[in-house]
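The values are calculated or read from the model by the stated rules, or taken from the named source; none is laboratory data. Since we're looking at a predicted model, the values are computed, not measured. Methodologically, a virtual Cβ is constructed for each residue, glycine included, from the backbone with ideal geometry; neighbour enumeration extends over all protein chains shown.
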Amino acid sequence: MALKGHLRDFSLAQLLNLVNLAHKTGELQVSSGKKRAGLFFRDGRLIDANLNHGSDGNLLTLLQKGGKLSEEQAQTIRSHVVGQSDKELGLVLINAGFVSQSDVLQTIRKHLLDVVYTLFTWEDGDFSFEASANPSDGKILASISLDGIIMEGSRRVQEWEWLQAALPSLDVTLRFTEKPGASLQDIKLSVEEWRVISFINPRNTIRQISRYNNMTDFQIRKIVSQLMEKGLVEAVGTPAGQPAKQVERAPVLKVPQIKPPPVRKGVILRLIDRIRGL
């Protein structure tokens, strides 16, 4: 399947549909400016994906990002792990009772889907398909049908257009509203929403908050829009390069701090012993 071209001529949904219908095995490489992505398929099913050569896709980072490990736990384990593949580390974590097999597989699956759905928001770029390419050794692979991905990705394209219209610029700041639209006792926030809230500051733009939390433009726009719908925050300021408007500073809404899960030092020590014994 020798295939090269541009996303403006052939959409990602069309590319995935070709791979799906032809039950192809190989890698679809997509580039847009400095951004790079690789999608790996086996018999027309997604098995691996990475952004920018997998710089943020190692297992420890993903488990920490997904709330399966606290930052302190991940740092402690990382300091004692050298040269272990994701498969080897995942096996050690599972055998030590640190995470379950389901935790690992769900985390990997979510990461792959996040990468693919991010590509649906790329409006321009080049692509090529390499039939002989395989994921690197030691990666934990999934097997995800493309039918659902194509449907969900197409839906997200429409949602992305709406989010861009609702929040045109990320170079503005956020502040808490004086009067939330609902009782705070009735508001339930996700972990990602709490992370965004914890960085709300007159000096932090939405774009900076997204970088602090390693979020894509789609993710940060969606979370901020949800917080706005709940009446908790509002955007203030103007994009860089435009004259600033006077805005009244609202009193800061006090929100509870998220405490990471307690560090089980005994488990970590046993885990380190297992790693040393490999």
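Within the range 101-114, identify whether any single residue is touching a Pro at 6+ places or on another chain (Cβ under 6 Å) and either on the phi < 0 side of the Ramachandran plot or surrounded by 18 or more Cβ atoms within 10 Å (Cβ to Cβ) (or both), and answer yes or no.
Scanning the range 101-114, I find no residue that is touching a Pro at 6+ places or on another chain (Cβ under 6 Å) and either on the phi < 0 side of the Ramachandran plot or surrounded by 18 or more Cβ atoms within 10 Å (Cβ to Cβ) (or both), so the answer is no.
Regarding ALA96, is this residue surrounded by 15 or more Cβ atoms within 10 Å (Cβ to Cβ), closer than 24 Å to MET215 by Cα and either in contact with a Leu (Cβ under 8 Å, 6 or more places away or on another chain) or at pLDDT below 85 (or both)?
In short, no.
Would you confirm whether any residue within the range 200-208 is in contact with a Phe, Trp or Tyr (Cβ under 6 Å, 6 or more places away or on another chain), outside any strand (DSSP E or B), modelled with pLDDT of 90 or more and surrounded by 15 or more Cβ atoms within 10 Å (Cβ to Cβ)? Spell out how you get there, then give the answer.
Let us first name the residues in the range 200-208 that are in contact with a Phe, Trp or Tyr (Cβ under 6 Å, 6 or more places away or on another chain), namely none.
Checking the range 200-208: not a single residue is in contact with a Phe, Trp or Tyr (Cβ under 6 Å, 6 or more places away or on another chain), outside any strand (DSSP E or B), modelled with pLDDT of 90 or more and surrounded by 15 or more Cβ atoms within 10 Å (Cβ to Cβ).
So GLN14 ticks every box in (1) touching a residue at least 60 places away in the same chain (Cβ under 8 Å); (2) of a type outside the set (Lys, Arg); (3) assigned to a helix (DSSP H, G or I) but one. Which box is left unticked?
Only one criterion is unmet by GLN14, namely (1).
Residue by residue through the range 18-29, note down the ones that are surrounded by 15 or more Cβ atoms within 10 Å (Cβ to Cβ) and on the phi < 0 side of the Ramachandran plot.
Once the filter is applied, which keeps residues that are surrounded by 15 or more Cβ atoms within 10 Å (Cβ to Cβ) and on the phi < 0 side of the Ramachandran plot, the range 18-29 yields LEU18, VAL19, ASN20, LYS24, THR25, GLU27, LEU28, GLN29.
Pick from the range 1-11 the residues that are in contact (Cβ under 8 Å) with a residue 60 or more places away in the chain and under 26 Å from the mean Cα position of the chain (by Cα): which of them is surrounded by the most Cβ atoms within 10 Å (Cβ to Cβ)?
Within the range 1-11, the first condition is being in contact (Cβ under 8 Å) with a residue 60 or more places away in the chain, and the residues that meet it are 1-8, 10.
The next check asks that each one be under 26 Å from the mean Cα position of the chain (by Cα); those that pass are 6-8, 10.
Numbers: HIS6: 10, LEU7: 19, ARG8: 10, PHE10: 14.
For the range 1-11, the residue satisfying everything is LEU7.
Confirm whether ILE77 is of a type in the set (Val, Ile, Thr) and either surrounded by fewer than 16 Cβ atoms within 10 Å (Cβ to Cβ) or at pLDDT below 95 (or both).
Judged against the criteria, ILE77 is a match.
Determine whether SER32 is over 30 Å from PHE10 (Cβ atoms) and either polar (S, T, N, Q) or crowded, with 18+ Cβ neighbours inside 10 Å (or both). Don't jump to the end; show me each part of the working.
Details: over 30 Å from PHE10 (Cβ atoms): no; either polar (S, T, N, Q) or crowded, with 18+ Cβ neighbours inside 10 Å (or both): yes.
Here the answer is no, as SER32 does not meet what is asked.
Please specify each residue of the range 96-109 satisfying the condition of being touching a helix residue (DSSP H, G or I) at 6+ places or on another chain (Cβ under 8 Å) and touching a residue at least 24 places away in the same chain (Cβ under 8 Å). Show your work before the answer.
Applying the first criterion (touching a helix residue (DSSP H, G or I) at 6+ places or on another chain (Cβ under 8 Å)) to the range 96-109 yields 96-101, 103-104, 107-108.
The answer is ALA96, GLY97, PHE98, VAL99, ASP103, VAL104, THR107, ILE108.
Checking the conditions here, which among LYS34, LYS65 is closer than 21 Å to ARG156 by Cβ, assigned by TED's automatic domain parsing to the domain that holds ASP137 and within 21 Å of the chain's Cα centre (by Cα)?
It is LYS65.
Being in contact with a Lys or Arg (Cβ under 7 Å, 6 or more places away or on another chain), in contact (Cβ under 8 Å) with a residue 40 or more places away in the chain and not hydroxyl-bearing (Ser, Thr, Tyr) narrows it down to one of LEU93, LEU146, so name that one.
Going through LEU93, LEU146 in turn, the sole match is LEU146.
What helices (runs of 4 or more DSSP H), lying completely within the range 30-147, carry at least 3 residues that are aliphatic (A, V, I, L, M)? Walk me through it before giving the result.
Details: elements: 59-65, 71-79, 86-95, 101-119.
Where helices (runs of 4 or more DSSP H) fall fully within the range 30-147 and carry at least 3 residues being aliphatic (A, V, I, L, M), they are 59-65, 86-95, 101-119.
Looking at SER169, is it assigned to a loop (DSSP other than H, G, I, E, B) and modelled with pLDDT of 90 or more?
yes
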